[in-house]
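Here the structure is laid out as structure tokens; the discussion comes afterwards.
The values are calculated or read from the model by the stated rules, or taken from the named source; none is laboratory data. Everything numeric in this text was worked out from a predicted model, so none of it was measured. Quick reminder, even Gly has a Cβ in these numbers, built from the backbone with ideal geometry, and neighbours come from all protein chains shown. Protein only, heavy atoms only, side chains kept; ligands, DNA and RNA dropped before computing areas. Shrake-Rupley method; radii C 1.70, N 1.55, O 1.52, S 1.80 Å.
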Amino acid sequence: MSKLETYLSFVRFSHSVFALPFALTGAVLALHERSASALLASADKPLAGRDVAWRVLWIVVAMVAARSAAMGFNRLVDAQYDAKNPRTAMRELPRGAMNRREAIVFVVGAAAAFIGAAYELERVCFLLSPVALAIVFWYSLAKRFTSYTQLFLALAMAVAPVGGWLAAGGPIGAIEPWLLGAAIGTWVGGFDILYACQDLDFDRAAGLKSIPVRFGVRDSLLLSRVMHVVAVLCLASLAGVADLGPVYLAGVALVAVLLVYEQSLVSEHDLSQVKRAFDLNGYVGILYFLATAASLYVH
């Protein structure tokens, strides 16, 4: 049990709540799009309840595996920096709770699980799975090459609802998954900018790049707030595109309130509440998924 706790902590397993609800939302919207009365697969055959359950299970496996692989890879390539940063020095690799071999095996295993889960879903998901892994792995390396690191995390997270949509058999040319992807991308990119502000001094000293390093805390906070406004607008726009009703819009309004509160906790001269602001995001995805599911049920 102690080793299991170490592995779960290694990839911050609880943070799966950020992307998973949006992947499930993409899947639910795709199923709704195909039929409001009978859930249809890509072969235009009705999906039995058991088949729907298996598909949802594989989507959950794919999402958790992809995120675990990405986080494990991040911990591996950043281990030398984590050991020098007081905020991260107690992570599993720097303090010796795990060794590099264990971490590598874990990342390879999680990546294989993701590809295997994608294989069990739509063919397009399997074909695109290496591309998805490349995107989520690149984020961990981006800080060495570009100041726009947080935007690459936004891209990596935007993959989640698009993947969920495709996994449920949704048409690739539809606008819904792209709106949802833009929403989660700007939401995650916005709060990752907040999170990166607390490492500004360390990143500068270590020669690492980020939006706060390039633009400073004040302008970075402004960009974060603009991105969260865009995220809410994208979520609200989806109501018209996907024919969602007032229950959905009420959920979006609550998400907006949470994001306003999150932003209010952080200022240019006080970054002490960044962790508290970051943790609020765990409720955003869950709240949004429940509001969307309730809206479709009522509809």
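Report, by residue number, each residue of segment 130-164 that is among the hydrophobic types (A, V, I, L, M, F, W, C), closer than 20 Å to Val61 by Cα and touching a helix residue (DSSP H, G or I) at 6+ places or on another chain (Cβ under 7 Å).
The first filter runs over segment 130-164 and keeps only residues among the hydrophobic types (A, V, I, L, M, F, W, C), leaving 131-138, 141-142, 145, 151-160, 162.
Next, only the ones that are closer than 20 Å to Val61 by Cα stay: 131-137, 156-160, 162.
Of everything in segment 130-164, those that are among the hydrophobic types (A, V, I, L, M, F, W, C), closer than 20 Å to Val61 by Cα and touching a helix residue (DSSP H, G or I) at 6+ places or on another chain (Cβ under 7 Å) turn out to be Ala132, Leu133, Ile135, Val136, Phe137, Ala156, Met157, Ala158, Val159, Ala160, Val162.
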ask   = Using beta carbons and a limit of 8 Å, which pairs, at least six apart or on different chains, have the first residue in segment 185-200 and within 19 Å of Leu20 (Cβ to Cβ) and the second one open to solvent by less than 20 Å² (accessible area, probe 1.4 Å) and acidic (Asp, Glu)?
value = Phe191/Glu262
ask   = What are the residues in segment 179-197 that are surrounded by fewer than 24 Cβ atoms within 10 Å (Cβ to Cβ) and of a type in the set (Phe, Trp, Tyr), if any?
value = Tyr195
ask   = Are any of the residues in segment 275-284 part of a helix (DSSP H, G or I), touching a helix residue (DSSP H, G or I) at 6+ places or on another chain (Cβ under 6 Å) and of a type in the set (D, E, K, R)?
value = no
message = Exactly one condition in (1) without any contact (Cβ under 8 Å) to a residue 24 or more places away in the chain; (2) farther than 20 Å from Ala69 by Cα is false for Phe126; which is it?
response = (2)
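If the requirement is being open to solvent by 10 Å² or more (accessible area, probe 1.4 Å) and under 13 Å from Ala27 (Cα atoms), which of these qualifies: Leu151, Leu166? Quick ask: steps written out before the conclusion?
Numbers: Leu151 fails: under 13 Å from Ala27 (Cα atoms).
The conditions single out Leu166.
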query = Out of the residues in segment 77-109 that are in contact (Cβ under 8 Å) with a residue 60 or more places away in the chain and in a helix (DSSP H, G or I), which is farthest from Phe202 (Cα to Cα)?
reply = Phe106
inquiry  = For segment 161-177, give me each residue that is touching a Pro at 6+ places or on another chain (Cβ under 9 Å) and either closer than 16 Å to Tyr139 by Cβ or in a helix (DSSP H, G or I) (or both).
reply    = Pro161, Val162, Gly163, Gly164, Trp165, Leu166, Glu176, Pro177
query = Given (1) more than 24 Å from Val217 (Cα to Cα); (2) out of contact with any Asp or Glu (no Cβ under 7 Å at 6 or more places or on another chain), where does Leu258 come up short, assuming only one miss?
reply = (1)
ask   = Which condition number does Leu57 fail, the rest of (1) open to solvent by 50 Å² or more (accessible area, probe 1.4 Å); (2) without any contact (Cβ under 8 Å) to a residue 60 or more places away in the chain; (3) farther than 16 Å from Tyr119 by Cβ being met?
value = (3)
request  = Give the residue that is farthest from Met157 (Cα to Cα), with candidates limited to residues of segment 266-276 that are surrounded by fewer than 20 Cβ atoms within 10 Å (Cβ to Cβ) and under 22 Å from the mean Cα position of the chain (by Cα).
outcome  = Gln273
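Matching residues to (1) open to solvent by 20 Å² or more (accessible area, probe 1.4 Å); (2) of a type outside the set (A, V, I, L, M, F, W, C):
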site: Ala205; (1), (2): yes, no
site: Val213; (1), (2): yes, no
site: Leu221; (1), (2): no, no
site: Asp243; (1), (2): yes, yes
